[in-house]
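Here's the structure we're looking at; comments come further down.
The values are calculated or read from the model by the stated rules, or taken from the named source; none is laboratory data. Here the structure is a predicted model, which means the values were calculated and not measured. As a convention, Cβ positions derive from the backbone with ideal geometry for all residues, glycine included, and neighbour counts pool all protein chains shown.
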Amino acid sequence: MTQEQKKLQGLGADLIVGIPSYCEADSIRYVVEQVDKGLTKYFPNHKTLIVNCDNDSPDGTRRVFLETPTNNQKYYVSTPPGLKGKGRNFYNLFLLTQKLGAKGVIVVDADLTSITPEWIKHLGGQVMEREYDFVSPLYLRHKYDGTITNHLVYPLVFSLLGKNIRQPIGGDFAFSTKLASHWLSQEWKESTHMYGIDNFMTLHALIADFKVCQTGLGSKDHKPSAPKLGPMFLQVIDTLFENLLRNQEDWEKSTVTEETQRYGIQMSTPKELSLEDIGIDLEAMEKNATTLFTDYKLGIQQILSPDLFEELQKMFIEKEISISESQWAMIVYDFLASFSMSTEEDDKLRIVELLKPLYFGRSLSFINQTINLGCEEAERLILRQAQIFRELKPYLINKLSQKRVLI
């Protein structure tokens, strides 16, 4: 038996908290402290373990994690040097969960500044006490925060999988070991090993009909995700499209969207902030969208239906971008259908890349539509958009049934 095996054998745990990281030496200490307080206060009768699943961070994340004083046991695991990816951190966590025979696992981001001990209670309690297999987070978010979630992942999960899961790529979850084993048994692609992991987890929990709920956590404050938006968009949408299409038979005939049980902190109204406060530059966003549309125009034209393309081209040429909910749903469905016709990974990533200017255009349109609305009113429009996606589902089914040739 190796030293590592002996160490694991001596640990054991029935509740694990995983903290995936890469270069989080400046923030992980606070997260560990809050996790430790939550475990000590709310799970005193359970054998617990805090695990840092790292990508061999060169900034001292490992040292800070291990040196942070805790009442609960800690364990550090890393991918090999040079091998990065959030999904790879989760993969290591899933394997560790099986080895230790844990009943439940909580995952929280390593850069959180808003985490409290109550997060551990609200996440872990649903798995350990109510025996849910998957607990998805509910955050108090500004109306313009989480645009990939609001305009792509949420409406597709709502309309195609038939579940009203508001934050399917939230980053902070809880799950059972049974579900972790199921995830390990699925086919993983490169994007799943990266930022695609969150929606991979949600999709497979729903598709396989595991017991799922949502829990309120209040506001989520962490480092800005803008610097990671480029690769994040590609990896999240590539994983989303791939797994939806692989499981088409499970959702194409469903017509009902079900509500999911909610627990935890009751949501209130987020603080109203200006565009400048949350780092949005409308002029720069419009310029980026129009420039990319011009650069990608020929590729976009091959994917979209002719009438829809003409409508959009006129908007972008005249710089009067106003993509409606129904236009956006048809755009996404056209891209999903085109993605389904491709067999090469490079072609699939190219299709996702071509979606970017239209995604920016829809985000811009939503901001202009809601600039004078409160967060609650804007949230109702996000739900309405998801409902329109559901109403236009036959459009997608028809597209997927056609024998199109991807040029």
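Take region 116-129 and flag every residue that is surrounded by fewer than 24 Cβ atoms within 10 Å (Cβ to Cβ) and either without any contact (Cβ under 8 Å) to a residue 12 or more places away in the chain or closer than 17 Å to residue 32 by Cβ (or both).
Correct list: 116, 117, 118, 121, 129.
Can you tell me which residues in region 123-164 are of a type in the set (Ser, Thr, Tyr) and not in a loop (DSSP other than H, G, I, E, B)?
136, 139, 147, 149, 154, 159
Scan region 312-349 residue by residue and report those that are part of a helix (DSSP H, G or I) and surrounded by fewer than 17 Cβ atoms within 10 Å (Cβ to Cβ).
Selection gives 313, 314, 317, 318, 326, 345, 346, 347.
For region 368-394, give me each residue that is aliphatic (A, V, I, L, M) and more than 26 Å from residue 162 (Cβ to Cβ).
Of everything in region 368-394, those that are aliphatic (A, V, I, L, M) and more than 26 Å from residue 162 (Cβ to Cβ) turn out to be 371, 373.
With the requirement that a residue be aliphatic (A, V, I, L, M) and either part of a loop (DSSP other than H, G, I, E, B) or surrounded by 18 or more Cβ atoms within 10 Å (Cβ to Cβ) (or both), what does region 282-304 give you?
289, 292, 300, 303, 304
May I ask you to verify whether residue 145 is in the same structural domain as residue 236 (by TED's automatic domain parsing), within 30 Å of residue 328 (Cβ to Cβ), surrounded by fewer than 19 Cβ atoms within 10 Å (Cβ to Cβ) and in contact (Cβ under 8 Å) with a residue 40 or more places away in the chain?
Criteria met by residue 145.
Please enumerate the residues belonging to region 392-407 that are part of a helix (DSSP H, G or I) and without any contact (Cβ under 8 Å) to a residue 24 or more places away in the chain.
Scanning region 392-407 gives 394, 398, 401.
Residues in region 54-65: is at least one touching a residue at least 60 places away in the same chain (Cβ under 8 Å) and in contact with a Cys (Cβ under 8 Å, 6 or more places away or on another chain)?
Looking for residues that are touching a residue at least 60 places away in the same chain (Cβ under 8 Å) and in contact with a Cys (Cβ under 8 Å, 6 or more places away or on another chain), one finds none in region 54-65, hence no.
How about region 161-204: which of its residues are among the small types (Gly, Ala, Ser) and closer than 23 Å to residue 55 by Cα?
170, 171, 174, 180, 181, 185, 191, 196
Among the residues of region 170-182, is there at least one that is modelled with pLDDT under 95 and either in contact with a strand residue (DSSP E or B) (Cβ under 8 Å, 6 or more places away or on another chain) or part of a strand (DSSP E or B) (or both)?
Yes, region 170-182 has at least one match.
Quick grid of which residues meet (1) outside the structural domain of residue 379 (by TED's automatic domain parsing); (2) at pLDDT 95 or above; (3) under 28 Å from residue 142 (Cβ atoms):
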position: 255; (1), (2), (3): yes, no, no
position: 303; (1), (2), (3): no, yes, no
position: 310; (1), (2), (3): no, yes, no
position: 330; (1), (2), (3): no, yes, yes
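Take the conditions under 16 Å from the mean Cα position of the chain (by Cα) and at pLDDT 95 or above and apply them to residue 206. Does it pass?
So residue 206 fits the description; yes.
Do you know which residues across region 150-193 are free of Cβ contacts under 8 Å to residues at least 40 places away in the same chain and crowded, with 23+ Cβ neighbours inside 10 Å?
The answer is 168, and nothing else.
Kindly establish whether residue 177 is among the β-branched types (Val, Ile, Thr) and closer than 30 Å to residue 391 by Cα.
no
Tell me the helices (runs of 4 or more DSSP H) entirely within region 1-104 that contain at least 2 residues that are buried (at least 20 other Cβ atoms within 10 Å of the Cβ) and on the phi < 0 side of the Ramachandran plot.
28-42, 61-67, 86-100
Take the residues of region 350-376 that are part of a helix (DSSP H, G or I) and of a type in the set (Gly, Ala, Ser): which is nearest to residue 286 (Cα to Cα)?
Here the answer is 361.
If I filter region 315-323 for residues that are touching a helix residue (DSSP H, G or I) at 6+ places or on another chain (Cβ under 8 Å), without any contact (Cβ under 8 Å) to a residue 60 or more places away in the chain and closer than 17 Å to residue 399 by Cβ, do I get at least one hit?
Checked region 315-323: no residue is touching a helix residue (DSSP H, G or I) at 6+ places or on another chain (Cβ under 8 Å), without any contact (Cβ under 8 Å) to a residue 60 or more places away in the chain and closer than 17 Å to residue 399 by Cβ.
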